[in-house]
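One structure is given below, encoded as structure tokens.
The values are calculated or read from the model by the stated rules, or taken from the named source; none is laboratory data. Since this is a predicted model, take the numbers as computed values, not measurements. Using ideal geometry, Cβ is built from the backbone for each residue, glycine included, and neighbour counts are taken over all protein chains shown. Heavy atoms of the whole protein, side chains included, go into the accessibility calculation; ligands, DNA and RNA do not. Shrake-Rupley method; radii C 1.70, N 1.55, O 1.52, S 1.80 Å.
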Amino acid sequence: MDSIVVTGNGPLDGQIPIAGAKNACLTLMPATILSDEPLTLTNAPRLSDIKTMTALLASLGCEVSSLQDGQVLVMSSHNLDNHVADYDIVRKMRASNLVLGPMLARLGHAVVSLPGGCAIGARPMDLHIQGLEALGAEIELRDGYLHAKAPKGLKGAKVTFGFASVGATENVLMAATLAKGTTVLENAAREPEIVDLATCLRRMGAQIEGDGTSTITIQGVDRLGGATHPVVTDRIELGTYMLAPAICGGEVECLGGRIDLVGAFCEKLDAAGISVSETEKGLKVARKNGRVRAVDVTTEPFPGFPTDLQAQMMALMCTAEGTSVLEEKIFENRFMHAPELTRMGAQIEVHGGTATVTGVERLKGAPVMATDLRASVSLILAGLAAEGETVVSRVYHLDRGYEHVVRKFEGVGAKIERVPNR
Ligand code: EPZ
């Protein structure tokens, strides 16, 4: 397994291109199942999760062609010949469960393995099931698989989510586009990835209103056509790279960055003493003088502070002036980066869903282990400013969500390299 070796190398300076959003692409790809005409995605990120979703769609009979070094995906599901999403693919990536709604809508039946838990939590699917059953699906759990069918087709209904689940909103939204009649989703997720999915579905002929708010209304149609759609910028990759100059000092322009994607995050950077300015090409982030100030963070559904930036923000707080309290309200086990940061000299106390970080002057490089996607990049961020060398092992986690991470950090002056089997 590869490792990444980072050596603290002073302030950063330059530009980092931001890719298309992993979490948008992973819901846009299954949307191809809803139509027998081709769906083309541009600005697609080059990530192992995209390869996993490609393998899953291919196992269902979809054709997926990857063009322009993976930035363009041309998909077609005119001959879907399998409705079983296998455990060995689904267990690798929870987002595989996003084929459930589209398959029910297009085929009238689906068998999808329960994804099982992952490092950050149990990841149940009760809200997905509740929403699809409200549309008339009959869903039974057998041998670890959800056996779903809609013998009389799906019918529009009112669905109120107990929690604004991103995945459940996406699954039910996609299914509702082909249901008979009107569906209203209450307490729907408001993430930019939901708006991106709705925009793509409208391009395919769906009738959707209210995406981006808590109430989404869908008028079912008989069929959907093909479309070409650009994947929205990845707000989590954007926030991650914005933290690099915040932690190291210097000035970095994140190309393609949009302030509307990272509003709550930028409010916290501003409070911490980091300057963010909009340029013609994206967002410029600078920390010119003085230490970062400690700020408190609570993760919430969008437009609140994103849980996917909590680990990275903790890395910044490790050397901030003062004490920061980070509350993780979305997942039950998302502080696994804390003990690794402690190995670098960070002072962090974790009690349940709350981590209290007392800033130190500087971290010291150390061998650390990546435990999940966002934890892995927070260790790299910490290593960028630490004294000496940090070796982050198990970086296959990184490949799931960050394309060309070494090249992007090298491009702004970081001392970083990927080494095999270290
Ligand atoms: C999406 O996961 C993202 N993944 C996650 O990003 C992100 O952290 C999460 O949304 C929250 O923003 C993709 O989009 C592929 P949820 P998802 O359903 O849809 C509970 C990353 O690092 N819940 O909003 O699984 C659940 O257990 C990944 O890129 C239920 O209880 O998130 C969790 O505690 C990590 N029942 C909370 O809701 C359900 O039926 C949020 O889950 C569904 C969810």
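List of remarks:
- Taking the charge dipole of the stretch 22-230 about its Cα centre, with +1 at Lys and Arg Cβ atoms and -1 at Asp and Glu Cβ atoms, the residue from Gly226, Val195, Pro45 reaching farthest to the positive side is Val195.
- Fraction of accessible area attributable to carbon and sulfur, the stretch 210-262 (%, probe 1.4 Å): 49
- Only helices enter the 222 nm calculation for the chain: every DSSP H run of n ≥ 4 contributes -39,500 (n - 2.57), and dividing by all residues gives -8000 deg cm²/dmol, rounded to 500.
- Here is the list for the stretch 127-172: trypsin sites (Lys or Arg not before Pro) lying in DSSP coil, each with at most 13 other C-beta atoms within 10 angstrom of its C-beta, are Lys152.
- Relative contact order, percent, the stretch 203-282 [alpha-carbon distance under 8 Å, six or more residues apart]: 22
- Between Glu389 and Gly365, the built amide H atoms are under 5 Å apart, and every one of these is 5 or more places off in sequence or on another chain.
- Between the helical axis of 48-59 and the longest alpha-carbon principal axis of the chain there is an angle of about 20 degrees.
- Accessible surface of the stretch 142-195, 1.4 Å probe, proportion on carbon and sulfur as whole %: 55
- A simple charge model with +1 on the Cβ of Lys and Arg, -1 on the Cβ of Asp and Glu and nothing else charged puts the dipole of the chain at about 200 debye relative to its Cα centre.
- Accessible surface comparison of His78, His337, probe 1.4 Å, protein chains only, largest first: the order is His78, His337.
- Sorting Val350, Val5 by accessible area puts them as Val350, Val5; the probe is 1.4 Å, largest comes first, and only protein heavy atoms count.
- Residues in the chain average 38 Å² of solvent-accessible surface per residue, probe 1.4 Å, ligands and nucleic acids excluded.
- The amide H of Val232, built 1.01 Å from its N in the peptide plane, has Ala21 as neighbours under 5 Å, considering only residues 5 or more places off or on other chains.
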